[in-house]
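J.: First, the structure itself, so that you have it in front of you.
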Amino acid sequence: MTSDAAGAAEIGGALARLRRATGLPVAFGGLVEPGRPQVRISELSGTTTAALRSLTVTSGNGLGGKAVALARPCAVTEYSSSRQISHEYDAPVAAEGIRSVLAVPVVVRRRVRGVLYGALRSAQPLGDRTLGAALAVARDVEQALVVRDEARGLLPQAGPEPAGGDRGAGWEQVREAHAALRALAPRIADPGLRAELLAACGLLTAPRPAGGGSLAPRELDVLSWVAAGATNATVAERLGLRPETVKGYLRSAMRKLGAHTRGEAVTAARRAGLLP
């Protein structure tokens, strides 16, 4: 899946979550086009027409363009007559029959990467509770995009694996990132986002024919930090576990991998494609 396609899929999933979280019947959104100050509406949820599909919203224009330009959420109660926005997109908005609209930018490293819209077909104020719920969904998307960006960026940094299995210094950063991302996963409540993050972790590994048994998620979390050079005490701190619990997971992983030492366990897990 290309980066653009993955980002669009993330926006599409977020729209369903936005509707559930806010109770708004209509949601739509899209990504900022690379190198251009505009958003293309590519994903729709709850719409009854195709009027908004593929609409290109330029920075500064309309409600979404205003959200892009200011890098902050914007909302209007009656879109067609609002004096807070320009009206280049009144026709498609009217064709869909929406009136109260909010637009929340997705901002990653101070750059707007996309916009999520939520809307009503009646003119009602969209209160702080609705806006807060929409912001929470946008933050989830931002987090997912950061994870994906970092995962994809680390692989070229590491470089190809040399013969003999010595991956070089670049892979130390990959290993630390892999461990950190896995440690973050259990703290994400949304199952879809959690699965996305773990899939991003998979981008950092190089699967091979398995030479050992599979590991439970927590066993792999512990071994990921061990592979990055962490002590048991550090692993416990990073994962929010007791040191004794960490030792138990490590012993279990070593048994499954047929290893007698921590180093042997890490080597076996890498050979099985479980660790970078």
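J.: Return the long-range amide H neighbours of L116 (sequence gap of 5 or more, or a different chain), with a cut-off of under 5 Å between placed amide H atoms.
T.: Residues meeting the amide H criterion: V104, V106.
J.: If we sort 73-80, 86-93, 224-231 on the protection proxy, mean other Cβ atoms within 10 Å, highest first, what's the order? Don't skip to the answer; put the middle values down first.
T.: Values: 73-80: 19.0, 86-93: 16.1, 224-231: 21.4.
Per-residue Cβ counts within 10 Å, averaged per peptide and sorted highest first, yield 224-231, 73-80, 86-93.
J.: Could you give me the ³J(HN,Hα) list for the stretch 84-99, computed from phi with Karplus coefficients 6.51, -1.76, 1.60 and θ = phi - 60°, whole Hz, x at Gly and Pro?
T.: Result, ordered by residue: 8, 9, 7, 10, 5, 10, 4, 4, x, 5, 5, 4, 7, x, 9, 10 Hz.
J.: Let me ask another. Quick query: amide H of V26 versus all other amide H atoms, modeled in the peptide plane; which residues come in under 5 Å with a sequence gap of 5 or more or a different chain?
T.: Residues meeting the criterion, in which the H sits 1.01 Å from N, are A119.
J.: On the first, second and third principal axes, largest extent first, how far apart are the outermost C-alpha atoms of the stretch 38-96 in Å?
T.: Largest to smallest, the principal-axis extents are 28, 23, 18 Å.
J.: Another question, then. Between rounded, prolate and oblate, where does the stretch 77-136 land on the alpha carbon gyration tensor, with a ≥ b ≥ c its root eigenvalues, rounded for a/c under 1.5, else prolate if a/b exceeds b/c? Intermediate values should be presented prior to the final figure.
T.: Numbers: a/c = 2.17, a/b = 1.42, b/c = 1.53.
Taking the square roots of the gyration eigenvalues as a ≥ b ≥ c, the stretch 77-136 is oblate.
J.: Could you please report the charge total around L120, scoring K, R as +1 and D, E as -1 over all other residues with beta-carbon less than 15 angstrom from its beta-carbon?
T.: On the way: positive: R19, R99, R121, R129; negative: E78, E96.
Result for the local shell: +2.
J.: Residue by residue, what Karplus-based ³J(HN,Hα) values in Hz, rounded to whole numbers, does the stretch 14-22 have, using 6.51, -1.76 and 1.60 with θ = phi - 60° and x for Gly and Pro?
T.: 3J(HN,Hα) across the stretch 14-22, in whole Hz: 5, 5, 5, 5, 4, 5, 5, 6, 9.
J.: Along the Cα→Cβ direction, 7 angstrom out, place labels at R255 and R20. What is the inter-label distance in nm?
T.: If labels sit at R255 and R20, their model points lie 3.7 nm apart.
J.: Would you mind checking which residues have amide H under 5 Å from E88's amide H? H placed 1.01 Å from N; only 5 or more apart, or other chain.
T.: G62
J.: Where in the stretch 114-149 is the amide nitrogen less than 19 Å from a point lying 7 Å along the Cα-to-Cβ axis of S86?
T.: The answer is 115.
J.: Ok, one more. Could you tell me what % of all Cα pairs in the stretch 3-135 have separations over 21 Å?
T.: Across the stretch 3-135, Cα pairs with separations above 21 Å total 30 percent.
J.: While we're on this one: If you take the charge dipole of the stretch 23-150 about its Cα centre, with +1 on Lys and Arg Cβ and -1 on Asp and Glu Cβ, which of T58, L120, T130 is farthest toward its positive end?
T.: T58
J.: Please list, in order along the stretch 66-71, the HN-Hα scalar couplings obtained from phi with the Karplus expression 6.51 cos²θ - 1.76 cosθ + 1.60 (θ = phi - 60°), rounded to whole Hz, x for Gly and Pro.
T.: Each residue's phi maps through the Karplus curve to give 5, 4, 5, 5, 8, 6 Hz.
Taken together, the values in this text are just the output of simple stated rules run on the coordinates, not laboratory data. Everything quoted here is computed from the prediction, not taken from an experiment. Positions of Cβ are generated from backbone atoms using ideal geometry, with glycine treated the same way; all protein chains shown enter the neighbour counts.
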